[in-house]
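Trainee: So that we are looking at the same thing, I have put the structure below in structure tokens.
The values are calculated or read from the model by the stated rules, or taken from the named source; none is laboratory data. What you see is a predicted model; the values in this text were computed from it and never measured. Here the Cβ is made from the backbone with ideal geometry for all residues, glycine too, and neighbour counts use every protein chain on show. Note: areas computed on protein heavy atoms with side chains; ligands, DNA, RNA excluded. Shrake-Rupley method; radii C 1.70, N 1.55, O 1.52, S 1.80 Å.
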Amino acid sequence: QTRSLLGVFEEDAAAISNYINQLFQAMHRIYDAQNELSAATHLTSKLLKEYGKQRFPLGGDDEVMTSTLQQFAKVIDELSSCHAVLSTQLADAMMFPITQFKERDLKEILTLKEVFQIASNDHDAAITRYSRLSKRKENEKIKAEVTEDVYTSRKKQHQTMMHYFCALNTLQYKKKISLLEPLLGYMQAQISFFKMGSENLTEQLEEFLTNIGTSVQNVRREMDCEVENMQQTIEDLEVASDPLYLPDPDPTKFPAHRNLTRKAGYLNARNKTGLVSSSWERQFYFTQGGNLMSQARGDVAGGLVMDIDNCSVMAVDCEDRRYCFQITSFDGKKSSILQAESKKDYEEWICTINNISKQIYLSENPEEIAARVNQSALEAVTPSPSFQQRHESMRPAVQSRPPAARTSSTGSLGSDSAALSALSLDSLVTPDTPIQFDIISPVSEDLPGQAKSSGQSGRRTNPFGESGGSKPETEDSILHQLFIVRFLGSMEVKSDESPDVVYETMRQILAARAIHNVFRMTESHLLVTCDCLKLIDPQTQVTRLRFPLPNVVLYATHQENKRLFGFVLRTSGGRVESCQTSICYIFESNNEGEKICDSVGLAKQIAFHAELDRKASEKQKEIDRVKEKQQKELNKQKQIEKDLEEQSRLIAASSRSNQSSTEGQFVVLSSSQSEDSDLGEDGKKRESEA
């Protein structure tokens, strides 16, 4: 009966354990979900607080929206605190009791069950040994040991059984406690959470939520009204733009504008693929100052196609295409054949390029001047039967012109009319040059004082220089500092005496980039040495530009944005021969504008002291050369005196030898005649010397 009843209790304990495990998993999911809800609510509040720091391209400064979201963030942050408190209460009041019952009480039942099973097995083994005792050969010692073993195992089994049965009986009460305590804690935590929420939901918050709901409805009505207006606008535009859908609209209804100095649109460019074959590529073309730019689909900014100052433009007759025209550079080395989509665009492109080639865009009133040259532009619209013959016929005339003739227009055959002859290039060219946004080619700067070639006279100055001459590199410079910079632009300036020139240049270049949507910047390495500043290509390590340090007369950093810096380069030659020009270059660095200016200042100081040392060294060498020359003259004079003295000594010696031979004969004769003379040795010496 005990074993049978024990089996019922053990089966009940196993069912309780299985059910409690499932209930524990369900409650743990509630706890995890509450923690996740608390974290998500806190993250939402944090993101709402950071709305004011976001830079939306179309958002602008919406103070009302920012303040509204800040208020929502404050309320949601309070809710997040409530959720955090709820999570803590669930952990203490719900998860802790059921975890204790699962980990402590149920495991205790399993442990006691194993101990009881072991004690029961030991008791059975002891009874078996006791039953095997023989009645014939009884050994008192063995009998005592077996009896003691039975006593011990039976006592252990009885004690273990009592503890095990007690635990099974207690489990029935603990089961009820472990089920009711977590549920009670869960409900109390939820009631506390709701109370905190009702306390936070004040009348002021209710009024705020009511106002927000009204604002949302107003915004929805405004959106519906705006959508309705846009739909009406779309319908009106569809009706009004119907004639424009034609690729070649009627020129009588849509006449061409011939006084333009800026033009943009899609053109087809002709590319040669072989000796006689060619392909056409459609790209977006636009004029920027005196340059023709193109931009492929997907590119951030446009690239330079051709410098159209003083260029020639004319209509050409292509065999397989209509509305074609050709642009030829001022030196005739580069040309491009383009095709417009319609006759209107075709005429406008030719007139616009013809106006730009005469540098009309630099004048104060370009449309008025363009109207004066309109007659010349009309002549270029007429297609030529053979562009090759026309180009060949023009070539001798271009070569025979003097260099100063480059300043006049060579746009078409009718460009030498009386109307154009009255125009002067000086009246068209303003003191400020167009802004150069990109580094066109890796060329070096002109040497100071270097004269320009005759083919460049009267042409707009390229701020990057076009001469191949440069100073020899000095590899032993004691200063080498490298900075990462991005070129923003350059332009010619009138003065180079005040940092305000650099500030104004920065303002104009940044404004022009914003107006023309120029976002691409060329990254380079700026190397500062004691001789020059170099712009080096990061990939190829090729020197793109070289600025002689003595020509850098001014450098400054932006007053507010320290990443912007610029310097003014003074070069000889410009739009007018034998005239110095000043060009301001603007760059952007990685928070190193002041460091670069300090480095340039240090380089100039080192170069200045090196120049002083060089002059002092040259002066000392000149003094040494003068001293050496004087010493040579003195040595030469001494040598001459020495030679004269040697000659005098030789003459005196020769004279003394002659006298000695004569006196010798006289002494012999005297000694033979008077041997007992009273003359002493001193007298003889004086006689010999005489």
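Trainee: Out of PRO243, PRO247, PRO255, I need the residue that is over 30 Å from GLU368 (Cβ atoms) and outside any helix (DSSP H, G or I). Which one?
Mentor: Working: PRO243 fails: outside any helix (DSSP H, G or I); PRO255 fails: over 30 Å from GLU368 (Cβ atoms).
Of PRO243, PRO247, PRO255, the one residue that is over 30 Å from GLU368 (Cβ atoms) and outside any helix (DSSP H, G or I) is PRO247.
Trainee: How many residues, within segment 298-333, are under 13 Å from ALA269 (Cβ atoms) and either part of a loop (DSSP other than H, G, I, E, B) or in the same structural domain as ILE515 (by the TED database) (or both)? Don't jump to the end; show me each part of the working.
Mentor: The first filter runs over segment 298-333 and keeps only residues under 13 Å from ALA269 (Cβ atoms), leaving 303, 305-306, 318, 321, 324-327.
Next, only the ones that are either part of a loop (DSSP other than H, G, I, E, B) or in the same structural domain as ILE515 (by the TED database) (or both) stay: 318, 321.
Going through segment 298-333 one residue at a time, the tally reaches 2.
Trainee: Could you tell me how many of the residues in segment 310-335 are within 22 Å of VAL276 (Cβ to Cβ), without any contact (Cβ under 8 Å) to a residue 12 or more places away in the chain and under 38 Å from the mean Cα position of the chain (by Cα)?
Mentor: Count: 1.
Trainee: Now for a different question. What pairs can you find where one residue is in segment 261-285 and surrounded by 16 or more Cβ atoms within 10 Å (Cβ to Cβ), the other is part of a loop (DSSP other than H, G, I, E, B), and their Cβ atoms are less than 7 Å apart, with a gap of 6+ or different chains?
Mentor: LEU267/ALA340; GLN283/ALA296
For (1) β-branched (Val, Ile, Thr); (2) touching a residue at least 12 places away in the same chain (Cβ under 8 Å); (3) outside any loop (DSSP other than H, G, I, E, B), each residue gets a yes or a no:
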{"residue": "CYS584", "(1), (2), (3)": "no, yes, yes"}
{"residue": "ILE596", "(1), (2), (3)": "yes, yes, yes"}
{"residue": "SER599", "(1), (2), (3)": "no, yes, yes"}
{"residue": "LEU602", "(1), (2), (3)": "no, yes, yes"}
{"residue": "ALA610", "(1), (2), (3)": "no, yes, yes"}
{"residue": "GLU618", "(1), (2), (3)": "no, no, yes"}
{"residue": "ILE623", "(1), (2), (3)": "yes, no, yes"}
{"residue": "GLU633", "(1), (2), (3)": "no, no, yes"}
{"residue": "ILE640", "(1), (2), (3)": "yes, no, yes"}
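Trainee: Of the residues that sit in segment 152-182 and are of a type in the set (A, V, I, L, M, F, W, C) and touching a residue at least 12 places away in the same chain (Cβ under 8 Å), which one is most open to solvent (accessible area, probe 1.4 Å)? Reasoning before the result, please.
Mentor: In the first step, residues of segment 152-182 are kept if they are of a type in the set (A, V, I, L, M, F, W, C); the result is 161-162, 165-168, 171, 177, 179-180.
Then keep just the ones that are touching a residue at least 12 places away in the same chain (Cβ under 8 Å); that gives 161, 165, 167-168, 171, 177, 179.
Values: MET161: 44, PHE165: 55, ALA167: 15, LEU168: 4, LEU171: 3, ILE177: 89, LEU179: 45 Å².
Filtering segment 152-182 for residues that are of a type in the set (A, V, I, L, M, F, W, C) and touching a residue at least 12 places away in the same chain (Cβ under 8 Å), the one most open to solvent (accessible area, probe 1.4 Å) comes out as ILE177.
Trainee: Regarding segment 108-116, can at least one residue be identified that is closer than 27 Å to ASN200 by Cβ, assigned to a helix (DSSP H, G or I) and either in the same structural domain as MET162 (by the TED database) or without any contact (Cβ under 8 Å) to a residue 12 or more places away in the chain (or both)? Steps first, answer last, please.
Mentor: Of the residues in segment 108-116, the ones closer than 27 Å to ASN200 by Cβ are none.
No: segment 108-116 contains no residue that is closer than 27 Å to ASN200 by Cβ, assigned to a helix (DSSP H, G or I) and either in the same structural domain as MET162 (by the TED database) or without any contact (Cβ under 8 Å) to a residue 12 or more places away in the chain (or both).
Trainee: Something else: For segment 182-232, what are the residues that are among the hydroxyl-bearing types (Ser, Thr, Tyr) and more than 30 Å from MET27 (Cα to Cα)? Reasoning before the result, please.
Mentor: Looking only at segment 182-232, we keep the residues that are among the hydroxyl-bearing types (Ser, Thr, Tyr), and these are 186, 192, 198, 202, 210, 214-215.
Matches in segment 182-232: THR202, THR210, THR214, SER215.
Trainee: Still on this structure, please answer the following. Only one of ALA126, ALA93, ALA73, ALA84 is open to solvent by less than 60 Å² (accessible area, probe 1.4 Å) and more than 30 Å from LEU205 (Cβ to Cβ); which? Outline the logic, then answer.
Mentor: Numbers: ALA93 fails: more than 30 Å from LEU205 (Cβ to Cβ); ALA73 fails: more than 30 Å from LEU205 (Cβ to Cβ); ALA84 fails: more than 30 Å from LEU205 (Cβ to Cβ).
So the residue among ALA126, ALA93, ALA73, ALA84 that is open to solvent by less than 60 Å² (accessible area, probe 1.4 Å) and more than 30 Å from LEU205 (Cβ to Cβ) is ALA126.
A quick yes/no check of all residues on (1) among the small types (Gly, Ala, Ser); (2) touching a His at 6+ places or on another chain (Cβ under 9 Å):
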{"residue": "ASP307", "(1), (2)": "no, no"}
{"residue": "VAL313", "(1), (2)": "no, no"}
{"residue": "ASP317", "(1), (2)": "no, no"}
{"residue": "SER342", "(1), (2)": "yes, no"}
{"residue": "GLU348", "(1), (2)": "no, yes"}
{"residue": "ILE353", "(1), (2)": "no, no"}
{"residue": "ASN365", "(1), (2)": "no, no"}
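Trainee: Can you tell me which residue among LEU510, LEU447, LEU482 is at pLDDT below 75 and open to solvent by 30 Å² or more (accessible area, probe 1.4 Å)? So that I can check it myself, show each step before the final result.
Mentor: On the way: LEU510 fails: at pLDDT below 75; LEU482 fails: at pLDDT below 75.
One residue alone meets the criteria, LEU447.
Trainee: Also, I was wondering about something else. Output the number of residues of segment 35-65 satisfying the condition of being within 30 Å of ALA189 (Cα to Cα) and either touching a strand residue (DSSP E or B) at 6+ places or on another chain (Cβ under 9 Å) or surrounded by 14 or more Cβ atoms within 10 Å (Cβ to Cβ) (or both). Steps first, answer last, please.
Mentor: Of segment 35-65, the ones within 30 Å of ALA189 (Cα to Cα) are 35-49.
Narrowing the set further to residues that are either touching a strand residue (DSSP E or B) at 6+ places or on another chain (Cβ under 9 Å) or surrounded by 14 or more Cβ atoms within 10 Å (Cβ to Cβ) (or both) leaves 35, 37-39, 41-42, 44-45, 48-49.
Total satisfying the criteria: 10.
Trainee: Right, next: Of all residues in segment 535-550, which are open to solvent by less than 30 Å² (accessible area, probe 1.4 Å) and either in contact with a Cys (Cβ under 9 Å, 6 or more places away or on another chain) or assigned to a strand (DSSP E or B) (or both)?
Mentor: Let us first name the residues in segment 535-550 that are open to solvent by less than 30 Å² (accessible area, probe 1.4 Å), namely 535-537, 545-549.
Listed by number, the residues that qualify are LEU535, ILE536, LEU545, ARG546, PHE547, PRO548, LEU549.
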